[in-house]
1. How many residues are over 24 Å from Asn280 (Cα atoms) and of a type in the set (Asp, Glu) when one looks only at the range 335-372?
2. Are any of the residues in the range 340-356 assigned to a helix (DSSP H, G or I), in contact (Cβ under 8 Å) with a residue 24 or more places away in the chain and charged (D, E, K, R)?
3. Just one of Leu107, Leu162, Leu135 is assigned by TED's automatic domain parsing to the domain that holds Val21, assigned to a helix (DSSP H, G or I), in contact with a Leu (Cβ under 8 Å, 6 or more places away or on another chain) and at pLDDT 80 or above; which is it?
4. What residue, of Ala102, Ala94, is of a type in the set (Gly, Ala, Ser), crowded, with 19+ Cβ neighbours inside 10 Å, touching a helix residue (DSSP H, G or I) at 6+ places or on another chain (Cβ under 6 Å) and within 23 Å of Glu455 (Cα to Cα)?
5. Here are some conditions: (1) assigned to a helix (DSSP H, G or I); (2) surrounded by fewer than 18 Cβ atoms within 10 Å (Cβ to Cβ). Met285 meets all but one. Which one does it not meet?
6. Going residue by residue through the range 416-435, is there one that turns out to be within 20 Å of Ala226 (Cβ to Cβ), assigned to a helix (DSSP H, G or I) and at pLDDT below 85?
7. Confirm whether Thr257 is outside any helix (DSSP H, G or I) and surrounded by fewer than 17 Cβ atoms within 10 Å (Cβ to Cβ).
8. Restricting attention to the range 378-400, does a residue exist that is farther than 30 Å from Val321 by Cα, in contact with a helix residue (DSSP H, G or I) (Cβ under 8 Å, 6 or more places away or on another chain), part of a strand (DSSP E or B) and in the same structural domain as Asn227 (by TED's automatic domain parsing)?
Amino acid sequence: MTEVKHESDILSSQRRTAKVVTLILFVLMSLVSIYTLFFVPTEDKTIIDNIMMPCVALSAGYGYYLSRKGNHIRGIYVLLAVISIASLLYPLAADNVGWQTAIVMALISTAIANGTLPSQSSTRISIGAFVFAILIVLIELFAPGATSIPTTSASIVVTAVLAIIYLGIIFYRFRQYALQTKLIITFIALSIISVSAVAFAINRLILSELTDRVNEQLTEVANTSANSIGKELTSQVNFLQILASDSLLRSFLESQTPNSDLSEIENLDRQWREAVAANNTNQLMRSVLQNETSNVLLEFKSNFPSHVEVFITDIYGSNVVSTDITSDYYQADEEWWQRAYNNGRGAVFISQPIFDRSTETLSLQMAVPIFDSENANVIGVLRTSVNLEIITPILELGRPGETGRTEIYLPDGRELELHLEEDGEIELEVEDAPLDIIEILKLNQPFMDTIHDGELVLVSQAQLVTEVDLENETETAVQNLGWRVVTLQS
C-alpha cells in the first residue's frame, strides 16, 4: 500500500512538473517566436527559425493542455518529438550550428524527461537524445546547410557551458541507473566520441583538399580575366594611337590656325550647347562634322564599332573634327583633355567607367595626344568613348560553375557586374559594391573566404595588369586605373 502511494506521489509530482515546464516553455517560446518573426532581420535568421520556434511553442501549449487533462506523458512525448525533429533539421538550414544544436537538444530533452517521465521512459529518452545528437553532428559535418552562420567566441563558450551542464546531469543521475542503462550510456558516449573524432578528421581533410582545388581554380580565372581585360584596354588605346599618327589628320591640324581667344571660344561653346538643346545643327557643327578629315574618323568608327564617338580638338580645346555631335564644343575644361594634353607634353588618358550622355552608353573615355609630323609638339588631342561591352565576353567566360562570377571592383567603391535582364540579354552594369567584399579585398591576398548575405563566399582577386613595362605609358595608364578583377564562388 505504501509503495503504491509512493508511486502515486511520484506521478503527481511529475505531472505538476510537466505543467510548469510546458507552461514556461509555451510562454517563452511564444515570445521568442514573435521576436524572431517580426523583429529579427531576414539575413540574421534561417527558414527553420521562422518555423521551429512557433512549432515548439505550439507543442508546449499542447503538452500543457494534456497535462491539465491528466495525460502529461503523452504531452511530454509530443513536445520532445517536435524539439528533436526541429533540431535535426536545423543543421540542414545553416552551417556551423550542429554542435550547439546537438548539445542543447540533448540537454533539454534529458532534463525534461528526467523531471516529468518515469525512470524507464526517461532512460529511453536519454538514449534517444544521444542518437539524435550523433545524427545532428553527422549532418553538420557532411551535409552543407542552406546558409552559413559564422562560429563566434560566444557560441563556443555557450556550447561548452551547455556541454558541462549536460555531463553534470548524466553523472549526477548515473548511480541511479540500472546496470544495463549504465552500459548503454557508456557505449553510446564512447561511440559519440569516436565517431565525432573520425568524422571531424575526415571532414577537415576533405574541406582542405576542396579549398585548395577551388583556390587554384578561382585564382586562375581571376588572373586570366585580369590579363584579358588589361590586354583589351591596351589594344583599344593602341588603335587610337595609330589613328592619331594618321598623316591626313596631322596635315589638317598643322594647316589650321587655332583660335586662342577664350571669350570667343566660350561664345561658340554657348551657341553649340543651345543648338544641342534645340536639337538643331548649326554652321559651326557642320564645319566640325563635315570637313576633309571627317571620313578618316568615320572609317575608324566603322572598323571599330566599340568606339561609339570619336573627335579631335586643337591645342586650345575646341572641337575641329568629330563623328558625332558632342554635348559641348569647348573641351579644355574637362579632366580627360587636361590629362591628355598634359601642358603640351602629351599623355595617355583612360577614365573610370561613366555613363556618356552624348552616346547613351556605359563607356570609358580614352584620349591620346596628336603630335606633329616631327613628333616634337602636341598639335591636338584625339578622344573616343569606348563602349564597355567589349569586356562583357571576358566576364561571361569568368564564371566558374553555376554559382561563380567575375566582377570588376573600382577604386571609387563601385563594381562592374553582369546582370541577366528580363528579355534574357546579359547587360554590364555599374553599381555600389558590397562593403564587406571591399573590406576583405583590402587584405590584398589572392584568395580569401568570407560570409556574404548569409553564405560562405570564396574570393580571388587579381590586378588588371600583372607585368607592367614602366616605359610603356599605355600599360601604365591601364595599371593606374586601380581595378581589381574579382572572381567569387558561393
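1. Our first condition is that a residue be over 24 Å from Asn280 (Cα atoms); within the range 335-372, this holds for 335-354, 362-372.
Next, from what is left, pick out any that are of a type in the set (Asp, Glu): 335, 372.
Number of matching residues: 2.
2. Step one: list which residues in the range 340-356 are assigned to a helix (DSSP H, G or I), which gives 340-344.
The next check asks that each one be in contact (Cβ under 8 Å) with a residue 24 or more places away in the chain; those that pass are 340-342, 344.
Filter once more, so that each one left must be charged (D, E, K, R): none.
No, the range 340-356 has no match at all.
3. On the way: Leu107 fails: at pLDDT 80 or above; Leu162 fails: at pLDDT 80 or above.
Every option except Leu135 fails the conditions.
4. Details: Ala94 fails: touching a helix residue (DSSP H, G or I) at 6+ places or on another chain (Cβ under 6 Å).
Criteria check complete, one pass: Ala102.
5. (2)
6. No, that holds for no residue.
7. Numbers: outside any helix (DSSP H, G or I): yes; surrounded by fewer than 17 Cβ atoms within 10 Å (Cβ to Cβ): yes.
Yes, satisfied.
8. Looking through the range 378-400, none of the residues is farther than 30 Å from Val321 by Cα, in contact with a helix residue (DSSP H, G or I) (Cβ under 8 Å, 6 or more places away or on another chain), part of a strand (DSSP E or B) and in the same structural domain as Asn227 (by TED's automatic domain parsing).
The values are calculated or read from the model by the stated rules, or taken from the named source; none is laboratory data. Quick caveat: nothing in here was measured; it's all calculated off a predicted structure. Backbone-built Cβ (ideal geometry, glycine too); neighbour counts: all protein chains shown.
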